[in-house]
1. Based on what the data block shows, is A:ILE113 over 24 Å from A:LYS152 (Cα atoms), open to solvent by less than 10 Å² (accessible area, probe 1.4 Å), away from ligand 1 (no atom under 16 Å from the Cβ) and of a type in the set (A, V, I, L, M, F, W, C)?
2. How many residues are assigned to a helix (DSSP H, G or I) and within 11 Å of ligand 2 (Cβ to nearest atom) if we restrict to the stretch A:35-81?
3. When the residues of the stretch B:140-163 are narrowed to those that are crowded, with 19+ Cβ neighbours inside 10 Å and small (Gly, Ala, Ser), which ends up nearest to B:LEU72 (Cα to Cα)?
4. Taking A:ARG157, is it part of a strand (DSSP E or B), within 14 Å of chain B (Cβ to nearest Cβ) and not aromatic (Phe, Trp, Tyr)?
5. Just name the residue that is farthest from B:ALA42 (Cα to Cα) out of those in the stretch B:67-98 that are part of a helix (DSSP H, G or I) and open to solvent by less than 10 Å² (accessible area, probe 1.4 Å).
6. In the stretch B:99-112, which residues are buried (at least 23 other Cβ atoms within 10 Å of the Cβ) and within 7 Å of another protein chain (Cβ to nearest Cβ)?
7. Taking strands (runs of 3 or more DSSP E) that do not extend beyond the stretch A:110-154, which have at least 1 residues that are within 8 Å of another protein chain (Cβ to nearest Cβ), without any contact (Cβ under 8 Å) to a residue 40 or more places away in the chain and charged (D, E, K, R)?
8. Quick check on the stretch B:192-211: of everything there that is surrounded by fewer than 21 Cβ atoms within 10 Å (Cβ to Cβ) and charged (D, E, K, R), which residue is farthest from ligand 1 (Cβ to nearest atom)?
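The values are calculated or read from the model by the stated rules, or taken from the named source; none is laboratory data. Fair warning: this is a prediction, and the values are worked out from it, not measured in the lab. All Cβ positions, glycine included, derive from the backbone under ideal geometry; neighbour counts span all protein chains shown. Side chains included, ligands, DNA and RNA excluded: accessible areas come from the protein's heavy atoms. Shrake-Rupley method; radii C 1.70, N 1.55, O 1.52, S 1.80 Å.
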Amino acid sequence: MQIYVCVKHVPDTAANIKIAGENGYNDSTCKFIANPYDEYAIEAAVQLVEKQGGEVVIVTVGPEAALATMRGAMAMGAHRGILVKVDGQFLDSDITSQALKAAIEKDGAPDLILMGKGAVDTEGFQTQYRLAAAMNLPVINEVLKLTVDGGKAVAEREIGAGSREVLEAPTPCVLGATKGLNEPRYPKFPDIMKAKKKAVQQFTLADLGIDAAGAKSELLKLEPVPERSGAKILEGSTRDRVVELVRILREEEKVL
Amino acid sequence: MANIGVLIEIEGGELKATNFGVITAASEQGKNDVYAIVMEGAAEAVKDQLSAYGAGKIVAADADGLAASPDLQAAVLGAAIQEYSLVGLVGLASARGRDVFARLAAAQGLPMAADCVAVDFAAKTVQKSHFSGKTVATIRLDAEVVLATIRPNAIEPVNAPVEAEVLQFAPAVSGPGRVSIVEAKLSGSDKMDLTEAGVIITGGRPIGSAENYKILEECAAALGSAAVGASRAAVDAGFAPHSMQVGQTGKTVSPKLYIGCGLSGSVQHFAGMKTSKVIVAINTDKDAPIFEKCDYGIIGDLFEVVPALTEALKEK
Ligand SMILES: Cc1cc2nc3c(=O)[nH]c(=O)nc-3n(C[C@H](O)[C@H](O)[C@H](O)COP(=O)(O)OP(=O)(O)OC[C@H]3O[C@@H](n4cnc5c(N)ncnc54)[C@H](O)[C@@H]3O)c2cc1C
Ligand SMILES: Nc1ncnc2c1ncn2[C@@H]1O[C@H](COP(=O)(O)O)[C@@H](O)[C@H]1O
């Protein structure tokens, strides 16, 4: 099986995001990681290839620094990588999907494209669908259980309150992974060393004939969400405090 | 007057209460004509409930095989944009809404913003979270139609009754997509989904066992239509299923009231519930970080405070 896994290079979820200018942030002070949902996709791809044979290729659209993130993904068992280099911090998901498509099609014929359910930086929740539409492939997102066999993918996703639905699509198809699908492995030291030698091809958007100027969504402003200033601590006996809390919630906050 | 569509969600025969806030967002204080699109064959049944919040056109949409094909649902929405000259189309950022809106946007080559907390149709801008709730982004969608899903409960529903009519809509959309829903595995419980709930009470690691969630269930019952959540630490310890997890790798919720019991206040947990209106914390440690970022705090043992709270709620 030829599996492509799209992995985004994103700031660590615990990073403190310092806004810079109108619509940017200071990325020199953040630690970057592979998008956490994409790790479930990498793990699923590596497991499939371990069982059925084939190759796992990591595809990333990002800055040069994303190479480190890609090495981490290759240490988990992926075979090689393709980096489409871009400068800006935010790229329209339509342009991103065009870049992913061009990179994949230049390289080979996918049996499966695995992605995360969404990126934790822009929380876009759509690149999978755009890539699938551009490549004329079926897509299923938020997959937490998966079997791929006999030219068919059978996937489960949650539809609310613990209920799930089962979906089917013929392969090749695009699948977006979410927590629950598997436990991403921690690479061992020899795997980390081996990953350093794995091949990574590099392109620019221009190499792939893509113009970022065609973006249809524009980030106008980025603002910090104000933190709450700290709790009003209720005092007295347990009984007094819960009675006071109920009064506040009913009469002052009017949320009950 | 601009025409704005709303994808209505009905689950298990019940109109989700979170639809009303989306209608409020679409109507912009009565500035727009709201087309409520109902795909479950229940347009007549829900007409009065929808018009109470300002939806004057109830679109009864139908197509062969609609329920089993998310691509067909997206195609029907695409056809509705044409038919009713919609300049905006919004829906819930639920499992279904997120999926169908992304399919629609991709198929039509339109920009789309997911999980928004505000929409301005004239300016074609939305506000949404970036970086797991740490920042809010204002995004301009440069297209004829503004497509957006809205975080459940993010917009307070406003009662604004209008006269309503039902429009039958059976567009000629082509064959089912290649993705089909082959089975629904219903959890069987009548538990409310966390993202729908107006009030949430969550237990963290110190809950200690699955059984102990009972004290939170009892409190939820006393709170009235409340749901029970869990932290990742509690889920990873096997005390609760992942469907109950709130946070960056769990669910994003925005209830009126969030009561966190035995939560330290981690960044990743807050990523999923930061936009709650009022946050209350119950924690034994007066220095727990959660007290820095909530509205009301009770320093105490959750096993003592929660049952007492349940009792206090039951009075009157
Ligand atoms: C990539 C990533 C994603 C993550 N995603 C999520 C996510 O989606 N959701 C999530 O929740 N976490 C997530 N986490 C984990 C997160 O960082 C924390 O580890 C976790 O939220 C801690 O859970 P907790 O607050 O229940 O437990 P703890 O951190 O152990 O805190 C327990 C608190 O309870 C107090 N306490 C102890 N006993 C009692 C008692 N009897 N009564 C009252 N209070 C008591 C303690 O003082 C303490 O403050 C993620 C982490 C990473 C790295
Ligand atoms: N720049 C990128 N490079 C590689 N993959 C990406 C990129 N952006 C998004 N993706 C993939 O698309 C998924 C959804 O991203 P998004 O639509 O941005 O939330 C992610 O989980 C990744 O798998």
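1. Values: over 24 Å from A:LYS152 (Cα atoms): no; open to solvent by less than 10 Å² (accessible area, probe 1.4 Å): yes; away from ligand 1 (no atom under 16 Å from the Cβ): yes; of a type in the set (A, V, I, L, M, F, W, C): yes.
In short, no.
2. 11
3. Selected residue: B:ALA148.
4. Against the criterion (part of a strand (DSSP E or B), within 14 Å of chain B (Cβ to nearest Cβ) and not aromatic (Phe, Trp, Tyr)), A:ARG157 qualifies.
5. Applying the filter and picking the extreme gives B:GLY78.
6. B:ASP99, B:ALA102, B:ARG103, B:ALA105, B:ALA106, B:PRO111, B:MET112
7. The strands (runs of 3 or more DSSP E) meeting that bar are A:139-143.
8. As a first pass, look at the stretch B:192-211 and keep what is surrounded by fewer than 21 Cβ atoms within 10 Å (Cβ to Cβ): B:192, B:205-206, B:208-211.
Now restrict to residues that are charged (D, E, K, R): B:205, B:211.
Values: B:ARG205: 4, B:GLU211: 15 Å.
So, considering only residues that are surrounded by fewer than 21 Cβ atoms within 10 Å (Cβ to Cβ) and charged (D, E, K, R), the one farthest from ligand 1 (Cβ to nearest atom) is B:GLU211.
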